[in-house]
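Reviewing the structure listed below.
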């Protein structure tokens with residue numbers, strides 16, 4: 001089951017959903033609209049190797065905006081801190097940004113229950129697009145879980161800006177284990 | 001409703017969810033992390049009706065996916081459920097590198113059970129390793145009577161190109 005906008009408002013008031021800052025006029029029928037935060041991460045490594053720490057640069061979006069060219073991939077973040085210990089959030093594009101050919105995630109739409117922080121957006125442009133800080137860019141929906149809840153305690157907890165991938169930290173957990 | 005990690009473990013033990021091989025350390029708060037299987041199909045050409053792929057085994061030192069290409073991979077695990085619907089997606093750590101694990105076809109039908117084909121598109125050149133944890137699958141409660149999946153893909157264990165040109 002997916003929460004309605006009215007239920008999202010109630011659960012924010014009950015502290016069962018965290019959205020900060022929260023504004024009633026961003027509540028939609030089944031979701032909450034997220035705006036783009038000011039920091040962008042662009043990888044500078046020529047080839048990504050998940051076993052190594054990738055190199056990247058941080059860019060602050062200027063007032064006149066930042067243009068992504070078709071084929072560009074960068075990480076952005078929601079200006080809002082979001083999370084819930086009671087519901088599972090899912091990130092979606094907004095139809096307005098999608099119509100400009102902009103992906104806001106790269107199939108990883110699911111947020112773990114118990115994960116709190118600004119949400120890292122995986123921005124992939126299929127057409128040239130100009131990004132402005134504070135623009136409406138994505139939406140988050142909330143889903144009812146089934147079963148006992150064990151809260152997220154992962155490496156991206158409490159993000160305050162976009163977090164590049166940390167797969168290199170997984171190495172010790174045998175993430176790259178050989179296939180039989 | 002989406003199953004929590006604890007419920008996924010319970011249902012695997014009950015047999016209503018099949019994940020094989022299964023490892024408790026790959027259970028997330030509301031999904032299961034799957035691994036990349038060893039076979040990759042690399043696009044070679046288009047014959048006017050269908051894309052032709054060349055099959056390869058991903059070497060232990062990894063294989064670099066190039067942007068602008070689509071590759072067919074597969075999950076190492078057999079994944080399925082007699083009871084729940086599934087959504088197969090990337091994990092955030094791979095999404096943060098710009099790696100798509102499917103091309104908007106995330107929905108896994110109840111009663112399908114196989115090693116899933118992955119439609120991999122890389123926004124940046126990225127090295128992938130056989131057996132690495134690459135994506136996640138979530139399980140969702142159904143509402144309504146279940147009719148068994150009758151499709152062609154849901155029993156295939158190797159990466160398989162589209163049947164559409166044959167239809």
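Bear in mind that the values in this text are calculations on the coordinates, not laboratory data. These numbers come from a predicted model, not from an experiment. A quick note on method: Cβ atoms are made from the backbone with ideal geometry, for glycine too, and the neighbour counts reach across all protein chains shown.
What the table below lists for this structure:
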{"quantity": "Two-site FRET efficiency, residue A:153 against residue A:86, from Cβ-Cβ distance with R₀ of 22 Å, rounded to 0.05", "calculated": "0.85"}
{"quantity": "Residue A:29 paired with residue B:161, simple spin-label distance in nm, labels 7 Å along Cα-to-beta-carbon", "calculated": "4.1 nm"}
{"quantity": "Quotient of C-alpha Rg and 2.2 N^0.38 Å, computed over segment B:94-155", "calculated": "1.36"}
{"quantity": "Estimated 222 nm signal from helices in chain B, with DSSP H stretches of n ≥ 4 weighted -39500 (n - 2.57), rounded to 500", "calculated": "-2000 deg cm²/dmol"}
{"quantity": "0 to 90° range, to nearest 10: angle between helix B:5-14 axis and chain B longest Cα axis", "calculated": "80 degrees"}
{"quantity": "Where N is the number of residues in segment B:45-137, Cα Rg divided by 2.2 N^0.38 Å", "calculated": "1.13"}
{"quantity": "Cβ-derived FRET efficiency at R0 30 Å, residue A:14 paired with residue A:100, nearest 0.05", "calculated": "0.25"}
{"quantity": "Among A:132-145, B:140-153, the order from most to least packed when residues are scored by Cβ within 10 Å on average", "calculated": "A:132-145, B:140-153"}
{"quantity": "Rounded if a/c under 1.5, otherwise prolate or oblate - chain A, Cα gyration tensor axes", "calculated": "oblate"}
{"quantity": "Taking the C-alpha atoms of the protein assembly as shown, convex hull volume expressed per residue in Å³", "calculated": "141 Å³"}
{"quantity": "CD proxy at 222 nm, helix term only [per DSSP H run n ≥ 4: -39500 (n - 2.57); per residue of chain A; nearest 500]", "calculated": "-1500 deg cm²/dmol"}
{"quantity": "Globularity index of chain B, i.e. its alpha-carbon radius of gyration over 2.2 N^0.38 Å", "calculated": "1.04"}
